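Notes follow once the structure below has been shown.
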Amino acid sequence: MSLGKRRGTVFLVLALLLMFFSLLSSGCQSLQKLQKGGTDNRWICPEYADLPLRQGRFEEAIEQHLQVISQEPENGLAHYHLGYAYGQLGLHPDEIAEYLRAVDLGMEKGDLYYNLGMSYMQLEEYLRAEQAFIRAVDIEPDCGENHRGLGLAHFRQEHYHEAIVSCRRATTLEPSDADSWHCLALAAAKSDEVGESWNAVKELRKLDPDYTLDPILIELFPSEGSKR
């Protein structure tokens, strides 16, 4: 099995962003993606541990993967799966620790670094998130989610030009991803690129007329805020 694959307005914006860019997002980082071939036990996870993970029984999945690791402490895939299960329960420091252990054991997967970046975003460690997303982009440059995650990390650090570049790339690679258009609209709005922000909102509305816009965009385009 495999894993893949966000005091006042500022904090409201952050909460909405983290919701829109959650670890459950579909696409490159889906739950059908990470499976290394060969006979190296570091990349093989037993079915009894992975089944509850696929079925969303995360507490059981944690117990089972801890059992696997107790017997095979260098099983990198088990550490990755365990980290993912921790993340689904909101245990992000534990999640990060397991991802980093998988990295130490030699795992180099774009979806691992994407999930690591999203975990850092949840803890508001934006520079570390940026570094993780950069690595994800290096490994999988054609995955739009990786660029969107990097754009979000740039945005949270107020690096709006860099955010625009990453979000543009995300929309080019995955033009049907409403979250990427939302990310671009936000970054462009904060850069006073109102025209590009408006165009991104229009593309977003075509994809999902009921998409909940960030308050920044509702303030900029009040007529769009009534579309629910």
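The values are calculated or read from the model by the stated rules, or taken from the named source; none is laboratory data. All figures in this text were calculated on a predicted structure; none of them were measured in a lab. Quick note on the areas: whole protein, heavy atoms, side chains included, nothing else; ligands and nucleic acids left out. Shrake-Rupley method; radii C 1.70, N 1.55, O 1.52, S 1.80 Å.
How big is the accessible area of Val68 in square angstrom, nearest 10, if you roll a 1.4 angstrom probe over the protein chains?
Near enough 0 Å² of accessible area.
Using a 1.4 angstrom probe, figure out how much accessible area the stretch 137-191 has per residue, in square angstrom, rounded to the nearest whole.
Dividing the accessible area of the stretch 137-191 by its residue count gives 35 Å².
Where the accessible area of the stretch 69-228 is counted over protein heavy atoms with a 1.4 Å probe, how much of it, in %, is carbon and sulfur?
Answer for the stretch 69-228: carbon and sulfur cover 48 percent of the accessible area.
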